[in-house]
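Input: a single structure, listed below in structure tokens.
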Amino acid sequence: MLGLRRSSAHLYKTIKFVALQKQLSTSAIHFDVANVSSDTYSKIYNVDVSELNRPLDNFQRRHLGPSPENTEKMLKLMNYKDLDSFINKVVPKNILIKRQLQLDAPLDGFSENEMLENLKKIANKNNYKVKNYIGKGYYGTILPPVIKRNLVESPEWYTSYTPYQPEISQGRLESLLNFQTVVTELTGLPVANASLLDEGTSAGEALLLSFYSAKKKKTKYAIDKNIHPQTKSVLLSRANPFNIEIVEIDFNNVENTIAALEDPQVCGCLLQYPDTNGSILSPEILLKYSNIIHENKGLFSVASDLLALTLLKPPSEFGADIVLGSSQRFGVPLGYGGPHAAFFAVQKKLNRRIPGRIVGVSKDRLGKPALRLAIQTREQHIKRDKATSNICTAQALLANVAANYAVYHGPKGLTDIAKRIYGMTSILAEEIKSANSKGNLINESWFDTLTVELKDGQTSKEFLQRAFNEFNINIFAVDKKTISLSLDETTTMEDLNALVALFTDKSNDTVSNYVKTKTPLKEFPIHLRRTNDFLKQEVFNIHHSETAMLRYLHRLQSRDLSLANSMIPLGSCTMKLNATTEMIPMTWPQFANIHPFQPIDQVKGYQEMINSFEKDLCSITGFDGCSLQPNSGAQGEYAGLRTIKAYLESINQGNRNICLIPISAHGTNPASSAMCNFKVIPVNCLENGALDLIDLRQKAKLHKDNLATAMITYPSTYGLFEEGIKEAINIVHNFGGQVYLDGANMNAQVGLTSPGDLGADVCHLNCHKTFSIPHGGGGPAGAPICVKSHLVPFLPRHDVVTMLSDIGSEESIKPVSSAAYGNALVIPISYTYIKMMGSKGLPFSSVIAMLNANYMMKRLQSHYEILFIDGSDKSFDHCAHEFILDLRMYKKHGIEAIDVAKRLQDYGFHAPTLAFPVPGTLMVEPTESENLEELDRFVNTMISIKSEIDAYIRGKSNGLLIKNAPHSLEDLITSTDWETRGYTREQAAYPLPHLKYNKFWPTVTRLDDTYGDLNLICTCPSVEEVANEIN
């Protein structure tokens, strides 16, 4: 029984859905079939010059690596004559659909120039010239051109991967260490992570950290009613699965606040400093609140503003355990809400519970200082369903922007910006207090934000309309008769004059008089003022000219391996081309300068793009509805599971709390399930890598009364197309569960099959994998979720703004991220990728990705064992888009997978995915963007390394090459033990001839991971520490 719905409309939808499922399984479906033959590939790739209706700058031949002639050679190696016959063998017959995609684009796709012209027309529909004073955690900022050109727009920065291989990642590790240092210096807390997704989700992390610290026994969490409204929404979302009661109180009312915080069921609290209305509570009152929370053994959390903290007393002075917020105003564009790097700092006692990644200082083989990601045992891929956070991808690229903004301006520059903002806000405050003002100033203290109660019966709607019509200004309506506004770095003297005129209705020369008389700006109140210096480290005090900054950015970039250097063959990561045409619009002001709370009639460009993008994703996935709100893969998982949970509750089946997950799954699957308070039941895999359908059926049957969902990755995490996926989906459905198909490996499905065609109910998409958003060294990401019609009403909406697309309903789950459309600024990247590939071209992304993988695998099969392909059970003759090199047999000889990973760096390659999904292995994914020459270069490298493994096993002297890898320039030039190593410098540095022509050098030798974890240092050295080293 499905149970009773709350409405007849929902009952109808359920019946209709069940009927549709039966129809799909019993009758033939007629649709246009995608043609993926070699002949079609040649026509897509090579434009006939006589086809005057097709521009010659077609995108497919720029994105797809192998030429038609290359594919013919590759197919011949595997005994195939055509791409179509190859795909018919790789993808099981019952899975291969080839449903032609219905995209909002020409069948052949837009050419590159057509795409830019088309997108420019759309972008110009956004009102990007309006002056935004909306605030609420989003502020105008100036991205220094040297950082824009040499970081944001630089492929050496945005195409790199998360720095798990530290020897070839020292540049961005240094930059992220700078970010952590900025956060610790300004908050006063000793430990910070290398960024989170946004301020709202960071507050959610603080909530759950407090809850878990209380061993889940305290079920109340206190929040100030004056936190940002979007943060409040995300807190309600995160609290819901655990039945945590959010207690909202006015922290300005001391007596009521003390009474609420003394409740023994309160596990912690969160306040905004300064609050969303601009007011600043005194540190003495905050210390009192902190003491009460600590006496109650709870955690005291503060949401703050890094720029304000250059003037304000740091939260550490009133006992904060956690300080969080957004670093957006450190040079990161508004971007309609994201991506922005959140920060999260904690007291030392919480350093092994802090969510996200931490950069720490360690040492390399030579004993030299080197950086790495520290204490990774906290992460969800280790802790799985025991994790207290599902954070994986964060916002590394934007954290690097913020860090280098701080480096460029230095402590004085940052303080000067803050002082000017405060001074200008104070001028405006005085005018609003004047007799001829149209409002009464509510807040008595401020940094950049003023809240005003309107006079004379004027409504907020009327005031906002006048501000826009007469002054081209946007401000925020708090309620029907109260407005607020926030000044920022971009506010000029002319802007301030306009604001004064808006509030006083007169031509005002107040600001001009300040300039003429050289009147000093008002100073920040002494009782709130910071008294200690910050950012005294050298890096923040020497790179203030553009020349110096340019060279510093270049130095950092040159220490990192990115797609600009070589293929990054990381399995399950899909490091494909991030095309320049796709990246260009990201810094257009038409997209970058849009506040997420601007009225709908000012964001018609975003609305058009988003609606078209959602439609395309529904066609690609075979689903009926889409939400673009999740801003990382893990957030997509969370949103999808929450949507399922809400649906089950709507049909009176909220008791269903079991989530079945294969043991091969990525760690975010069980971690996200835990975030939804589901109980994870692991499902076995067979020895050949396939999902154990017998075990799945037994566990689904055992838990039939409480089965909520199963999370299945397809193709599997092992890179295999399993014939039994439809049976697996049917098993879960038959026992009352919903099926979540993880979209991590969607790059093998596009245009060939889809989660919806397979019968799943929901999936998330990693746009930073399948749809070309760059990894950015660890973020940003984009992770839309797509769902069947019965789940559409439960997709997340937003509590501050109206959605641009028609999704969700009154039954929508609470927002899962701060902005309505998550990382909206990177949507143009995936949008342009899909539009330029077109319905005909897009399936070839999957086809060529699988061709590349199987070609490499075929060449390597005589040198390495391929997991699940070379076994006695020949269930799989092909991989999908990735394959696993099994190195476990070498462990008994002293060689491990990590040795191969490190030696690959000497050959100029980033290692494939190490020890996932199987320990002791490397998982290789070449993507469709790599040409034949690069594929062969990697294969030849692996063959060469195999000879070095053999030499080590046989006891030859040159066998130590692999154990000492990687070899830095410093090692080659300054080490004095070369005569005893048993191999030459040339063998270490130039093992293959092409490296003498093009060589990427690791900047340090192999790191000591254990030392780094036992001696945790996660900030830049202080001036005193540097002085001591010198002396």
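Read the figures in this text as sums done on the coordinates, not as results from a lab. What you are looking at is a predicted structure, and each value in this text was computed from that prediction instead of being measured. We place every Cβ from the backbone using ideal geometry, glycine too, and count neighbours over all the protein chains shown.
Legend: translational diffusion of the stretch 784-844 by Stokes-Einstein, Rh = Kirkwood radius over C-alpha pairs, 20 °C, 1.002 mPa s; D = 159 µm²/s. Checking the Cα-Cα distances for Lys98/Lys704; Lys412/Lys480; Lys148/Lys814; Lys481/Lys814; Lys148/Lys506; Lys217/Lys349 against a 29 Å cut-off, the pairs over it are Lys98/Lys704; Lys412/Lys480; Lys148/Lys814; Lys148/Lys506.
For the stretch 163-409, the convex hull spanned by the alpha carbon atoms encloses 124 Å³ per residue. Between 0 and 90 degrees, the angle of helix 68-77 with respect to the longest Cα principal axis of the chain falls at about 50 degrees. Please go through the residue pairs Lys615/Lys840; Lys121/Lys604; Lys363/Lys999 and name each one whose alpha carbons sit more than 22 Å apart in this structure. Listed pairs above 22 Å: Lys363/Lys999. Scoring 36-42, 774-780 by mean Cβ neighbours within 10 Å over their residues and listing the highest first yields 774-780, 36-42. Shape analysis of the stretch 38-124 based on the Cα gyration tensor places the equivalent ellipsoid semi-axes at 29, 18, 11 Å, largest first. Taking θ as phi - 60° and the Karplus parameters 6.51, -1.76 and 1.60, the scalar couplings of the stretch 269-281 work out to 8, 9, 10, 9, 9, x, 7, 5, 8, x, 6, 10, 6 Hz in sequence order, x denoting glycine and proline. What does the charge count near Leu271 come to, summing +1 for each Lys or Arg and -1 for each Asp or Glu among other residues with Cβ under 11 Å from its Cβ? Local charge sum for Leu271: -2. From the alpha carbon centroid of the stretch 640-661 to that of the stretch 682-720 is 18 Å. Each Lys and Arg adds +1 at its Cβ and each Asp and Glu adds -1 at its Cβ; summed about the Cα centre, the chain shows a dipole of about 1260 debye.
What do you get for trypsin sites (Lys or Arg not before Pro) in the stretch 857-930 restricted to DSSP loop and a cutoff of at most 12 other Cβ within 10 Å of the site's Cβ?
Answer by residue number: Lys874.
Here the sum of -39500 (n - 2.57) over DSSP H runs of 4 or more residues, divided by the residues of the chain, equals -11500 deg cm²/dmol at 222 nm, to the nearest 500.
In loop segments of the stretch 962-1019 as defined by DSSP, the trypsin sites (Lys or Arg not before Pro) with at most 15 further C-beta atoms inside 10 Å of their C-beta are Lys999. For the residue pairs Lys89/Lys891; Lys131/Lys461; Lys419/Lys461, alpha carbon separations beyond 29 Å are given by Lys89/Lys891; Lys419/Lys461.
Have a look at Asn226, Ala671, Leu143 and report the one farthest towards the positive end of the charge dipole of the chain, computed about the Cα centre with Cβ charges (Lys/Arg +1, Asp/Glu -1). The listed residue farthest towards the positive side: Ala671. For the listed peptides 191-197, 879-885, a ranking on the average number of other beta carbons within 10 Å per residue, highest first, reads 191-197, 879-885.
Given +1 at the Cβ of Lys and Arg, -1 at the Cβ of Asp and Glu and no other charges, the dipole of the stretch 163-409 around its Cα centre is 1160 debye to the nearest 20.
Hey, can you rank 520-533, 622-635 by average C-beta count inside 10 Å, highest first?
622-635, 520-533
Amide H contacts of Asp560: Gly171, each under 5 Å away and 5 or more positions distant or on a separate chain (H built 1.01 Å from N in the peptide plane; Pro and chain starts excluded). Mean sequence separation of contacting Cα pairs (under 8 Å, at least six apart), scaled by the length of the chain, corresponds to a relative contact order of 19 percent. Put simply, the chain fits an ellipsoid with semi-axes of 45, 35, 29 Å; these come from the alpha carbon gyration tensor as the roots of five times its eigenvalues, largest first. Per-residue 3J(HN,Hα) values for the stretch 206-214, derived from phi via the Karplus relation 6.51 cos²θ - 1.76 cosθ + 1.60 with θ = phi - 60°, read 5, 4, 6, 5, 5, 5, 6, 5, 8 Hz in sequence order (x marks Gly and Pro).
Setting aside same-chain residues fewer than 8 positions from Lys313, which aspartates and glutamates have a Cα under 16 Å from its Cα? Result set, ordered by chain and number: Glu185, Asp275, Glu284, Asp305, Asp321, Asp448, Glu523, Asp533. Taking amide hydrogens as placed 1.01 Å from N in the peptide plane, the amide H of Ala342 sits under 5 Å from those of Leu196, Leu197, Asp198, Ser327, each at least 5 positions away in sequence or on another chain. Close amide H contacts of Lys363 (hydrogens built in the peptide plane, cut-off under 5 Å, sequence separation of 5 or more or a different chain): Ala370, Asp1008, Gly1012. The GluC sites (Glu not before Pro) of the stretch 106-182 that meet both conditions, a loop assignment by DSSP and at most 16 other Cβ atoms within 10 Å of the site Cβ, are Glu153. The magnitude of the dipole of the stretch 589-833, with charges of +1 and -1 set on the Cβ of Lys/Arg and Asp/Glu and taken from the Cα centre, is near 380 debye.
Helix 546-558 and the longest principal axis of the Cα set of the chain meet at an angle near 30°. Against the chain, whose longest principal axis is taken from its Cα atoms, helix 493-504 shows a tilt of about 60°. Here the Karplus relation 6.51 cos²θ - 1.76 cosθ + 1.60, evaluated at θ = phi - 60°, turns the backbone of the stretch 389-404 into coupling constants of 8, 9, 4, 10, 5, 10, 9, 4, 4, 6, 5, 5, 4, 4, 4, 6 Hz, with x for every Gly and Pro. Altogether, the Stokes-Einstein calculation at 25 °C and 0.890 mPa s, with the Kirkwood radius of the stretch 589-833 over Cα pairs as Rh, returns a diffusion coefficient of 136 µm²/s.
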